[in-house]
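**Student:** Okay, handing you the structure first.
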């Protein structure tokens with residue numbers, strides 16, 4: 001039977017360089033993550049919620065660009081990709097900077113559809 005954990009596990013395993021996948025809520029909570037042990041993503045989820053809200057205001061409201069769908073953040077040692085699932089949920093994928101971003105975007109879109117179907 002499909003679960004949020006299995007969806008995230010397939011996403012991490014299916015993208016070269018992916019290190020973590022998580023579903024966060026706009027309440028700033030982590031709904032599910034893979035791999036589970038080792039990292040507490042509570043602060044990350046809260047901060048990403050804040051950043052997504054800022055992007056929505058800056059681009060969506062002020063520039064009339066519409067709703068946020070995706071966001072990418074690159075750092076010195078990591079790449080983070082965020083895909084909005086619903087107005088209340090988003091999907092975070094972290095990966096090595098040399099990871100396959102195109103594949104991450106494709107797999108995240110597929111995973112988002114599966115999450116919506118599972119929660120319906």
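Derivation of every value follows stated rules applied to the coordinates shown; laboratory data play no part. Just so we're clear, the structure is a prediction, and the values are computed from it rather than from any experiment.
**Student:** Need the full-extension length gain, residue 110 to residue 88, defined as separation in residues times 0.36 nm minus the C-alpha distance. One decimal, nm.
**Tutor:** Details: separation 22, 0.36 × 22 = 7.92 nm, distance 1.77 nm.
The residue 110-residue 88 span can extend by a further 6.1 nm.
**Student:** Something else about it: Over the chain, what is the relative contact order in whole percent, taking alpha-carbon pairs under 8 Å and six or more residues apart? Before the final figure, lay out each step's value.
**Tutor:** Working: 191 pairs, mean separation 36.8, N = 120.
With pairs under 8 Å counted, the relative contact order is 31 percent.
**Student:** Sticking with this structure for a sec: Relative to the longest principal Cα axis of the chain, at what angle does helix 101-119 sit, 0 to 90 degrees, rounded to 10?
**Tutor:** Once rounded, one gets 90 degrees.
**Student:** By how many nm would the segment from residue 9 to residue 67 lengthen if fully extended, with 0.36 nm per residue of separation less the alpha-carbon distance? Write down the numbers at each step before the final one.
**Tutor:** Details: separation 58, 0.36 × 58 = 20.88 nm, distance 2.75 nm.
So the chain would gain 18.1 nm between residue 9 and residue 67.
**Student:** Could you state the angle between the C-alpha long axis of helix 4-14 and the longest principal axis of the C-alpha atoms of the chain, as a value from 0 to 90 degrees rounded to the nearest 10?
**Tutor:** Around 80 degrees separate the two axes.
**Student:** For the stretch 4-119, what's the radius of gyration and Dmax over Cα atoms, in angstrom?
**Tutor:** Considering the stretch 4-119 through its Cα atoms, Rg and Dmax are 13.4, 40 Å.
**Student:** Pairing the Cα long axis of helix 42-55 with the longest principal axis of the chain, what angle in degrees results, from 0 to 90 and rounded to the nearest 10?
**Tutor:** Helix 42-55 sits at roughly 40 degrees to that axis.
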